[in-house]
Amino acid sequence: MMEEYLIELEIRNYSRNTIKTYKSVIKNLYEYLDSVNDLYDEKKFLRSFKIYIQHLKRDKLASQNYIYLVTVASKKFLEFHNLYFLDEIHTPKRTKSLPKSLNELEVEKLINAFDYDLKESLEYNNIYKIKTRLRNKLILTLLYSSGIRVSELVSLVIKDIDLKERTIRIRGKGDKDRIVLFDNHTKELIEEYISLIDSNDDYLFTNRRNNPLTTRYIQIMIKDHAKEAGIKKRVTPHILRHSFATHLLKNGVDIRVIQQLLGHSNLSTTQIYTNVDMETLKNVYDKARM
């Protein structure tokens, strides 16, 4: 039942991360239910599902968003198999929190902290280290300057980069192509980095074995580097994406433009970035009125 469902999700162009998450949620559910009830008895299943949700809340201290995920994933999984055991279960609302972001000085500090290591590597002519540090600096710069998702970044192929136009063709969620932009500083870093790597590489970011980097590697790299750079805040690829959007909004960019750059299907997803402090709102208002 699980394999059939996962294949269906892949056919429907769900992202790898979503498929992995759904698989984990359903696996955890069934491991719990298997010990307490007959999985094919509707009444027992419904009762045990409610007990499982209670267990997640009381014993595991699961967040409201995780309860939402468990409920939605479980309903979709059962419905795929024409089982409607959970129809009477109310899907809880997700909690909405303001996105975390870095300020402009913190982003600058984070990215420029690579320069010392690059200088040291050049002095010792350590080509591999130069390439690695330059690659990692470019990763941070590109995540911030373009706002792309980390899952999109690891899939970047060189042929989709147009250095002249400063654009990248991105295959986003649901195989929806979009174009993202990058600035001149990022362009210079890309040119420098490409000059050091094998021109036959398909993927822009690879490891020593020429395999694409994983999202997990990038998450750990950014976390470790932020610590080295003295950034006290939690830093992740998604926070750099939030920072990109927040800073555009602070500088008066229309939210519909931000929506397009982020690749959001619905404006409501982008509107969370409008929840900024009053000082920012005043600045955007004043710029628009001048």
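For the range 53-105, enumerate the residues that are part of a helix (DSSP H, G or I) and small (Gly, Ala, Ser). Talk me through it step by step, then tell me what you get.
Here is the first cut: in the range 53-105, the residues part of a helix (DSSP H, G or I) are 53-58, 64-80, 104-105.
Selection gives 73, 74.
Remark: pairs (first residue in the range 63-89, closer than 12 Å to residue 1 by Cβ; second residue among the hydroxyl-bearing types (Ser, Thr, Tyr) and at pLDDT below 95; Cβ separation under 7 Å; 6+ apart in sequence or on different chains) = 77/5; 78/84; 80/5.
From 231, 220, 197, grab the single residue that is at pLDDT 90 or above, under 18 Å from residue 153 (Cα atoms) and not polar (S, T, N, Q).
On the way: 231 fails: under 18 Å from residue 153 (Cα atoms); 197 fails: at pLDDT 90 or above.
Answer to the selection: 220.
Would you check if there is a residue in the range 49-56 being within 30 Å of residue 171 (Cα to Cα), out of contact with any strand residue (DSSP E or B) (no Cβ under 8 Å at 6 or more places or on another chain) and surrounded by 15 or more Cβ atoms within 10 Å (Cβ to Cβ)? Spell out how you get there, then give the answer.
In the first step, residues of the range 49-56 are kept if they are within 30 Å of residue 171 (Cα to Cα); the result is none.
No - not one qualifying residue is present in the range 49-56.
Close contacts from the range 134-149, counting a first residue that is touching a residue at least 24 places away in the same chain (Cβ under 8 Å) and a second that is surrounded by fewer than 22 Cβ atoms within 10 Å (Cβ to Cβ) and hydroxyl-bearing (Ser, Thr, Tyr), with Cβ to Cβ under 8 Å and a gap of 6+ residues or different chains, come to 134/193; 135/193; 138/186; 138/193; 141/186; 142/186; 145/186; 146/186.
Scan 142, 105 and give me the residue that is closer than 21 Å to residue 212 by Cβ, modelled with pLDDT of 90 or more and among the hydrophobic types (A, V, I, L, M, F, W, C). Spell out the reasoning first.
Working: 105 fails: closer than 21 Å to residue 212 by Cβ.
Step by step, each of 142, 105 is checked, and only 142 is closer than 21 Å to residue 212 by Cβ, modelled with pLDDT of 90 or more and among the hydrophobic types (A, V, I, L, M, F, W, C).
Is it true that residue 50 is in the same structural domain as residue 242 (by TED's automatic domain parsing), touching a residue at least 24 places away in the same chain (Cβ under 8 Å) and out of contact with any Ser or Thr (no Cβ under 9 Å at 6 or more places or on another chain)? Spelling it out, it is not the case that residue 50 is in the same structural domain as residue 242 (by TED's automatic domain parsing), touching a residue at least 24 places away in the same chain (Cβ under 8 Å) and out of contact with any Ser or Thr (no Cβ under 9 Å at 6 or more places or on another chain).
Tell me, which helices (runs of 4 or more DSSP H) wholly within the range 163-273 include 3 or more residues that are surrounded by fewer than 16 Cβ atoms within 10 Å (Cβ to Cβ)?
Values: elements: 184-194, 215-228, 237-250, 255-262, 267-270.
In the range 163-273, the matching helices (runs of 4 or more DSSP H) lie at 184-194, 215-228, 255-262, 267-270.
Taking the range 9-18 as the range and being exposed (fewer than 14 other Cβ atoms within 10 Å of the Cβ) and either at pLDDT below 85 or within 18 Å of residue 82 (Cα to Cα) (or both) as the test, the residues that pass are 12, 13, 16, 17.
The values are calculated or read from the model by the stated rules, or taken from the named source; none is laboratory data. All of these numbers come straight from a predicted model, not from anything done at the bench. No Cβ is skipped: glycine too gets one built from the backbone with ideal geometry, and neighbour counts run over all protein chains shown.
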